[in-house]
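Written below as structure tokens is the structure these notes are about.
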Amino acid sequence: MNINKICCIGAGYVGGPTMAVIAQQCPHIKITVVDVNAKRIAAWNDTDLSKLPVFEPGLDEVVKEARNKNLYFSTNIDQAIDEADMIFISVNTPTKTYGKGKGMAADLKYIELCARQIAKVAKQDKIIVEKSTLPVRTASAIKNILDNTGNGVQFQILSNPEFLAEGTAVQDLLNPDRVLIGGDTTKEGQEAIQALVSIYAHWVPKERILTTNVWSSELSKLTANAFLAQRVSSINAMSAICEQSGADVNEVAKAIGMDSRIGSKFLKASVGFGGSCFQKDILNLAYIAKTYGLKEVANYWEQVILINNYQKNRFSDNIVSTLYNTVSGKKIAFLGWAFKKDTNDTRESAAIQVADNLLSEQAHISVYDPKVSEERMYADLDYLNTRSEEENRNLLTVDQDPYEACKGAHAIAVLTEWDEFKAYDWQRIYDSMQKPAFVFDGRGILDTEALKKIGFNCYTIGKGS
Ligand code: NAD
Ligand code: UGA
């Protein structure tokens with residue numbers, strides 16, 4: 001089966017970069033990325049590439065190469081669905097905030113809307129690809145909706161979860177550890193799988209393209225995120241013991257990571273993991289376990305989140321207790337707001353919870369982040385509903401210049417591991433601060449020995465003294 005036209009529903013952090021890379025690697029395929037959010041589509045079409053809605057190193061170059069040649073961004077969803085041989089669904093699947101499964105289950109309303117729209121518009125047979133992260137067995141629900149519309153159109157549903165990490169999305173897409181494609185075991189299902197395999201085979205070595213049944217593919221995505229997050233919570237749990245015992249978590253991580261059975265990646269202690277997916281996917285996994293009656297399994301995975309919450313609160317508690325048990329009226333500078341470096345994404349960023357805790361203690365916070373807008377930071381805080389929007393704006397200010405953010409502060413908290421923080425003139429920062437001056441490095445990136453020589457009091461996550 002030859003694929004000439006692709007439609008991708010959802011122009012977000014996954015849909016945009018993923019389709020840009022497929023378009024660049026497969027110039028013979030016309031790809032249209034559609035979204036209900038007209039502002040987002042306009043930003044993808046902006047001639048000023050610095051205004052793309054997603055910041056990812058190298059993404060601007062890929063978009064520049066393919067856009068308006070074989071890559072299009074549009075709000076005309078029906079037309080793109082009608083034209084396409086293959087449709088990727090890459091819409092958001094957030095945690096439900098209402099009804100049954102509230103706070104745990106994935107909210108599938110956007111997925112269902114897509115399925116219904118496809119069912120309404122499609123006139124010829126199509127392959128539907130689940131790109132979004134979904135609970136196991138969602139494909140059967142999608143198929144049910146599609147098969148009951150009476151148009152007589154045949155649909156094949158594939159699961160093709162995305163494993164890219166933000167900040168390295170373009171590299172991850174160009175050089176993936178594996179591409180996973182799940183499909184039906186029927187002849188038609190296998191043909192659909194092969195159609196998608198042949199797209200990826202344009203740049204991904206065949207042995208890295210893994211095909212499975214649909215349910216294994218859907219569940220593997222949740223499993224991968226659960227395992228990754230579990231490693232971060234495990235090392236963060238150890239960071240608390242390190243601080244009490246005089247061990248250094250980086251040394252412990254190195255020592256265990258050299259065991260090839262454990263491996264060295266994802267062992268960096270931090271103020272807590274963020275990002276739009278780890279928490280949501282683990283909650284979803286725990287919910288699935290519960291619905292199968294597997295209470296112990298659900299409890300096991302929920303611990304990963306409990307440790308993450310503990311770590312964020314532990315960090316802010318430590319700031320308060322170190323600053324003589326009160327931060328009321330004190331200025332605390334935040335370096336970083338994004339959930340990790342090299343992205344403008346702030347979803348579930350540890351910085352938000354830490355800021356909220358300190359604002360509740362009446363601290364004044366000044367934030368500098370190289371990529372996150374002021375508007376985004378206030379939206380993140382307002383969403384928590386802890387205090388009024390006015391109070392948030394009075395207590396937290398945003399600076400475009402890191403030196404201004406730190407001027408007059410009692411303490412600096414490093415919340416994101418942006419490389420530029422390491423290269424700052426720390427003597428100049430120290431001279432401009434209240435004394436004694438404190439640095440709380442929630443990412444373990446600064447040279448604390450050098451900072452101590454300047455005169456700073458330093459706390460580094462997971463480093464005991
Ligand atoms: P996102 O919120 O950035 O983008 C989703 C887009 O879908 C939004 O722009 C929204 O307007 C659009 N949308 C929603 N319903 C629509 C509809 N009915 N029609 C048209 N457009 C619609 O989300 P994201 O970060 O790109 O994540 C998408 C999915 O991919 C999620 O399931 C997520 O778990 C998964 N995922 C995300 C990442 C990541 O790094 N962000 C990585 C792997 C997988
Ligand atoms: C993660 C996975 O790595 C991707 O494979 C997956 O596709 C994606 O989730 C998803 O499904 O959305 P992402 O959240 O973008 O990607 O970024 P990660 O690099 O995994 O980092 C997640 C969080 O963990 C960040 O806050 C990061 O700072 C933190 N982290 C990561 C640590 O604190 N320590 C580590 O050693 C690694």
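Grab the helices (runs of 4 or more DSSP H) fully contained in region 27-113, keeping just those with 2 or more residues being out of contact with any Ser or Thr (no Cβ under 6 Å at 6 or more places or on another chain) and free of Cβ contacts under 8 Å to residues at least 12 places away in the same chain.
Qualifying helices (runs of 4 or more DSSP H): 38-44, 59-66.
What residue, among those in region 347-373 that are part of a loop (DSSP other than H, G, I, E, B) and polar (S, T, N, Q), is farthest from ligand 2 (Cβ to nearest atom)?
Gln362
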*asked:* Quick test of your reading of the structure: Lys123 fulfils all but one of (1) of a type in the set (D, E, K, R); (2) modelled with pLDDT under 95; (3) within 16 Å of ligand 2 (Cβ to nearest atom). Name the failing condition by number.
replied: (3)
*Out of the residues in region 251-276 that are more than 11 Å from ligand 2 (Cβ to nearest atom) and either outside any loop (DSSP other than H, G, I, E, B) or touching a residue at least 24 places away in the same chain (Cβ under 8 Å) (or both), which is surrounded by the most Cβ atoms within 10 Å (Cβ to Cβ)?*
Val252
*Please verify whether region 277-292 includes one or more residues that are within 28 Å of Tyr13 (Cα to Cα) and assigned to a loop (DSSP other than H, G, I, E, B).*
yes
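Where residues in region 306-323 are of a type in the set (A, V, I, L, M, F, W, C) and free of Cβ contacts under 8 Å to residues at least 60 places away in the same chain, which of them is surrounded by the most Cβ atoms within 10 Å (Cβ to Cβ)? Steps first, please.
Start the filter on region 306-323 by keeping residues that are of a type in the set (A, V, I, L, M, F, W, C), which leaves 306-307, 315, 319-320, 323.
Those still in the list that are free of Cβ contacts under 8 Å to residues at least 60 places away in the same chain too: 306, 320.
On the way: Leu306: 11, Val320: 18.
Out of the qualifying residues, it is Val320.
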*Could you list, in sequence order, all residues of region 74-100 that are small (Gly, Ala, Ser) and touching a Lys or Arg at 6+ places or on another chain (Cβ under 9 Å)?*
Ala80, Ala84, Ser90
*What are the residues in region 278-298 that are of a type in the set (S, T, N, Q) and either buried (at least 22 other Cβ atoms within 10 Å of the Cβ) or closer than 25 Å to Phe163 by Cα (or both), if any?*
Gln279, Asn284
*Would you tally the residues in region 433-458 being closer than 15 Å to Phe334 by Cα and among the hydroxyl-bearing types (Ser, Thr, Tyr)?*
0
*Any idea which residue in region 21-41 is nearest to the chain's Cα centre (by Cα), counting only those that are away from ligand 1 (no atom under 12 Å from the Cβ) and over 21 Å from Lys126 (Cα atoms)?*
Val21
*Given (1) loosely packed, with under 15 Cβ neighbours inside 10 Å; (2) within 14 Å of ligand 2 (Cβ to nearest atom); (3) not in a helix (DSSP H, G or I), number of the condition Thr326 does not satisfy*: (2)
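The values are calculated or read from the model by the stated rules, or taken from the named source; none is laboratory data. Keep in mind the model is a prediction, meaning the values are calculated, not measured. Ideal geometry is used to build each Cβ from the backbone, glycine not excepted, and the neighbour counts take in all protein chains shown.
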